[in-house]
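Have a look at the structure below, then the notes.
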Amino acid sequence: MSIGYLLYKLSTRSYFKFIQLIAPFHERAGKLYYGQKTPIQIAAKEKNEKRLWIHVASLGEFEQAKPVLLELKKCLPNLNIIVSFFSPSGYENRKNETIIDYAIYLPFESKKQAKLVLDHINPDIVIWVKYDFWVDYLSEIFLRKIPVYLIAALFRSQQHYFKFPGNFHLTLFEQFTQIFTQNNSSSALLAKNNIKSICTGDPRFDNVYQLKSAHKHIPLLNSFWNQIPVIVCGSTYAVEENIIQKFQQTTSEHFKYIIAPHFVDKQHIKELKRIFPDAIVYSSIDNNQDLSGIQTVIIDNIGILPHLYHKASIAIIGGGFKKGGLHNILEASIHGIPVLIGPKINRFPEALELIANNSAFIFKDANSLLSHIEKIYPSNLGSIKEKTVKYMDNHLGTCKMIADSILYDLKQ
């Protein structure tokens with residue numbers, strides 16, 4: 001038993017204990033703790049059923065996997081899909097997806113728990129998405145010789161997997177049936193450690209393309225869209241919202257705004273109403289209400305954000321002011337609109353590539369936001385759209401490559 005594994009067990013047990021202690025007082029911790037304590041109830045496998053277990057950390061990872069699942073389900077109608085989530089934001093927002101047969105919280109990890117969960121699920125094949133490497137679960141899967149795939153993998157040399165004591169993870173990576181990476185640098189890093197992989201790209205490109213094709217109309221906002229250009233601010237945090245408020249003061253009548261924050265709890269919506277006092281909250285809009293004179297709408301609903309970008313002139317995406325926090329910019333880019341983001345984006349290759357493509361732009365404060373938008377709107381919107389659409393089209397097709405490989409094993 002390696003020092004790295006012992007430290008891993010100590011840190012995860014400490015984390016689980018901390019979640020247990022704060023669960024009665026903290027809403028998200030409570031959902032996580034009590035959700036993971038809920039018994040798993042999955043029917044026994046039928047004679048001709050193929051069963052796929054896929055684990056995702058949260059909502060973003062599920063969206064990466066979804067086009068692969070759709071491709072697999074299309075080819076194998078007898079495939080049952082069980083999705084385990086670690087994060088409440090993933091489980092609460094996707095537990096009723098029609099493509100999923102069962103959605104569960106992944107119970108807190110132990111060797112005993114891993115055996116119980118595998119007995120309940122009884123999968124023919126397993127998919128792990130991007131990261132969230134729970135060692136006891138993966139070890140039990142490998143022990144049972146169940147084919148297991150890692151998709152949308154993204155690795156950097158700075159990660160603890162490649163340094164002592166965290167490098168015990170390398171023995172896990174060696175045992176995946178196949179690893180599909182998002183970029184060549186991830187595959188090169190694995191190859192340096194004698195681990196094979198295939199660079200297929202990021203399945204989120206296929207997902208946002210499907211979202212665009214299945215666009216949903218939002219009737220309550222019909223009268224909001226008029227001749228004034230709209231900036232859609234998606235998955236924002238307080239830091240972006242304060243910058244947007246200052247920017248709004250300098251531009252007054254030039255733009256309209258839709259603000260869809262990352263957190264839609266009552267306290268955060270109340271704070272948004274404080275800094276945008278003239279804004280209207282989405283849930284308070286009446287049918288046929290005239291919004292033509294409204295400058296700002298605050299979205300207190302999860303799920304409609306991807307369907308708001310198609311009429312936007314510009315998008316501001318949140319999370320770029322905290323390390324590793326940038327939210328999905330591809331949902332906006334698939335519509336060809338320029339995207340503005342915070343500066344901490346080194347962990348996101350698609351953001352770096354879109355910046356190099358002059359399709360995305362970094363802002364640090366209200367002044368730099370203003371400077372970018374003055375250059376973008378309206379003179380450069382056409383050229384940005386052309387370049388962005390070409391970039392997005394060149395990255396489609398990942399999910400079929402991954403699905404074809406997995407289908408081969410499922411059909412054996």
In region 268-372, the GluC sites (Glu not before Pro) that fall in loop regions by DSSP, at most 16 other Cβ within 10 Å: none
Straight-line reach from LYS111: which aspartates and glutamates fall under 15 Å, measuring Cα to Cα and dropping same-chain residues less than 8 apart? ASP119, ASP136, GLU140
Taking the inverse of the average 1/r across all pairs of different Cα atoms in region 181-271, what Kirkwood radius in Å do you get? 17.2 Å
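Step through the table entries LYS163/LYS196; LYS47/LYS216; LYS216/LYS385, compare each Cα-Cα distance with 29 Å, and write down the pairs that go over it. Let's see the in-between values first.
Details: LYS163/LYS196 19 Å; LYS47/LYS216 38 Å; LYS216/LYS385 22 Å.
Too far apart for the 29 Å limit: LYS47/LYS216.
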For ASP300, list long-range residues whose amide hydrogen, built 1.01 Å from N in the peptide plane, is under 5 Å from its own amide hydrogen. TYR282, SER283
Name the residues whose placed amide hydrogens come within less than 5 Å of the amide hydrogen of PHE361, ignoring near sequence neighbours (fewer than 5 apart) on the same chain. VAL339, LEU340, ILE341
Output for region 79-113: trypsin sites (Lys or Arg not before Pro) sitting in coil per DSSP, at most 16 other Cβ within 10 Å, listed by number, reads LYS95
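What do the square roots of 5 times the Cα gyration tensor eigenvalues come to for region 214-393, in whole Å, largest first, as semi-axes of the equivalent ellipsoid?
Values: eigenvalues 115, 66, 52 Å².
After scaling each eigenvalue by five and taking roots: 24, 18, 16 Å.
For the ranges 317-326, 140-149, what's the packing order if you count other beta-carbon atoms within 10 Å of each residue, average per peptide, and put the highest first? Present the calculation step by step, with values, prior to reporting the outcome.
Details: 317-326: 19.3, 140-149: 17.4.
The packing order, highest mean first, is 317-326, 140-149.
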Search the structure for amide H atoms under 5 Å from the amide H of TYR257, placed 1.01 Å from N in the peptide plane, and list their residues when 5 or more places away or on another chain. ILE231, THR296, VAL297
Could you name the aspartates and glutamates whose alpha carbon sits less than 17 Å from that of LYS273, not counting residues in the same chain fewer than 8 places away? GLU240, GLU241, ASP265, ASP300
Can you check how the C-alpha radius of gyration of the chain compares to 2.2 N^0.38 Å, as a plain ratio? 1.03
Rounded to the nearest 10, the angle in degrees between the Cα long axis of helix 398-411 and the longest principal axis of the Cα atoms of the chain comes to 20 degrees
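Do any of LYS9/LYS192; LYS212/LYS400; LYS256/LYS400 go past 29 Å between their Cα atoms, and which?
Numbers: LYS9/LYS192 27 Å; LYS212/LYS400 18 Å; LYS256/LYS400 39 Å.
The answer is LYS256/LYS400.
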For region 84-204, what is the largest minus smallest coordinate of the Cα atoms on each principal axis, given in angstrom and ordered from greatest to least? 39, 32, 24
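Bear in mind these aren't lab numbers, they're just calculated from the coordinates by the rules spelled out. Every value quoted in this text rests on a predicted model; they were computed, and no experiment measured them. Cβ: placed from backbone, ideal geometry, glycine included. Neighbour counts: every protein chain shown.
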